[in-house]
Amino acid sequence: MHPSAGRASDSDLARWYLQRSQRAHRTLWALPLLAFLTMFVVVLMLRTGASDPDANLKQTRAEFMATKPAAIPPASNAVTVLSQAFAAHARFNAQVGAIASADPDTKLDAPSSYFEDNAVIAFYQSNANCIALLKSAAGMSACNWDLNYSAGPSMLMPHLAQIRASCRLLAGSARLKAHSGDHAGAASDIAAIYKLAEFTESDPVLISGLVSMACSGIADSAIETILAFDAPEKMEDLEHYRKALVTDRKTKERVLKFIRAERLFALLCVDLIGANAINPAVMGTGLPGVVPPAAVNLFYGPDRELTQKVFDEYVKQIEARGPSQKNSLEALVDKHQEGPAILTRSVIPALSRAELSFLRDQENAALLQLAIAVHAFRLKHKKDPQSLDEVVPEFLPKLPVSVFEGSQFSLRQDIGETNAIHTVRGAFSGKPVLRVYSWGEDGVDNSGLEAGRNSGPDRVIRLVPLSSAAAEDVEKAEPLQERDE
């Protein structure tokens, strides 16, 4: 044999040995990893096996159906009259070049001169029948929208948009009446809005509660703009608004109602996915539209247990200390999460932000109560109060307490807004303004400054200072600098 042949044979042998060693090395490393993955899958399967999606779905669906409001005879159901009102709602015909070229629905906080335009007046006159029907429905005591609860997450709620549009119509009607001096009629329209807001949340579904608060906010804004632009000059006229205002928004009771309902709704969604009765992609899980049952079973049991646990603890928190800006459902998920929590995080809504909305709703009611008391003081004493303490106990038994920890209510006079973000602010640009305000969620007195239309460091209601002496003093003061965020 040639010497070079022996060397080639040795080289091949060495290469073969090296490759064999590498394969053996990879196998040795892969075995522990494979064993770990196998154990992980088995543990998940065992945990999931203790939870039957089909049985859970049957029970949860029955519990969800039981939350549907009881049937009401058509003659006693406000929905019967509201349906007629929705059908009678006339739309606005814009007139190019006229003041009222924009829909009055978008001008509810406009200066009163807007409501002198003939096109605006004609619009509300054309809706006289609709407004009468809405107020007739508001005078009824029972409301059932007869929603299809069997549809679960696919349940349609078309009445929510209709109710909100109706509330805006009533708010515009109130502005028009107040500007003409009919404060009793304006307050009657506003009272009807609050009643429609109550009807909106007759179904224990969170979106109903959020729209209900939006409707209450429309009524609140109507009172605020009337105080700013067409403030009553007689005590009896102001009294109409005091009676119309809903001051106790039953925040804790409503928050608990909707959170308990959302707990059931979330479990229903998890069970629907676990039983392969709904497309996971529809629920925003990040999973593809078609998922093998075995894949869903890997996380169904742990996620259902986690969903139930965090909701139960969240409800206990609110029962113990009431709604608070410190409550966080998302933090509870982080606290108890042991697996990926794909289903849990997809079905749990941002309830902490919803809870904050309910708190803001109650804070707005307290602010309006104070603003009405301040104006009552002005009507009787012909001067502006120097502090909120002056309205107690003559016009309020006691000052309301802020729902936000560390916050309180204040009164301040100064030169008006330098950053006119919306119409009410713009009306006070560079002019004296009397601010009734809450320190807001941060619990810091920012002198009645706002960062935006519906949020900011403080929550504010503006009034025109009454006394000329006070106005002259204000004009000498340094203007506050608005902050943008």
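Read the figures in this text as sums done on the coordinates, not as results from a lab. Note that the coordinates shown come from a computational prediction; the quantities given were computed from them, not determined experimentally. No Cβ is skipped: glycine too gets one built from the backbone with ideal geometry, and neighbour counts run over all protein chains shown.
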Ranking His381, His159 by Cβ neighbours within 10 Å, fewest first, what do you get?
His381, His159
If every alpha-carbon in the range 158-227 counts as one equal scatterer, what log10 I(q)/I(0) does Debye give at q = 0.14, 0.15, 0.27, 0.28 1/Å?
-0.38, -0.43, -1.09, -1.15
Karplus-derived 3J(HN,Hα), 6.51/-1.76/1.60, for each residue of the range 331-347, Hz, glycine and proline x:
5, 5, 4, 4, 5, 9, 5, 10, x, x, 6, 4, 5, 4, 5, 7, 9
Note: Ala320 to Gln84 extended length (0.36 nm per residue) minus current alpha-carbon separation gives 80.6 nm
Over what distance in Å are the Cα centres of the range 240-263 and the range 319-379 separated?
12
Hey, what do the phi angles of the range 351-361 turn into as Karplus ³J(HN,Hα) couplings, whole Hz, using 6.51/-1.76/1.60 and θ = phi - 60°, x for Gly and Pro?
5, 5, 5, 5, 4, 5, 5, 5, 5, 5, 4
By Cβ neighbour count within 10 Å, fewest first, Met157, Met235 rank Met235, Met157
Quickly work out the Asp103-to-Leu156 label distance, labels modelled 7 Å from Cα along the C-beta direction, and quote it in nm with one decimal.
2.1
Amide hydrogen neighbours beyond the local backbone of Cys143, cut-off 5 Å, H modeled:
Ala78
Hey, got the Cα dimensions of the range 101-257 along the principal axes, in Å, largest first?
50, 33, 24
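Rank the residues Leu298, Leu256, Leu343, Leu156 as a footprinting-exposure proxy: fewest other Cβ atoms within 10 Å of their Cβ go first.
Details: Leu298 19, Leu256 15, Leu343 27, Leu156 9.
Exposure proxy ranking, most exposed first: Leu156, Leu256, Leu298, Leu343.
Determine the gain in length on full extension of the stretch Leu256-Ser126; use 0.36 nm per residue of separation and subtract their C-alpha separation, reporting nm with one decimal. Please report the intermediate quantities before stating the final value.
On the way: separation 130, 0.36 × 130 = 46.80 nm, distance 4.12 nm.
So the chain would gain 42.7 nm between Leu256 and Ser126.
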Would you mind computing, in nm to one decimal, how far apart the modelled labels at Arg91 and Asn148 are, each placed 7 Å from Cα along Cα→Cβ?
2.5
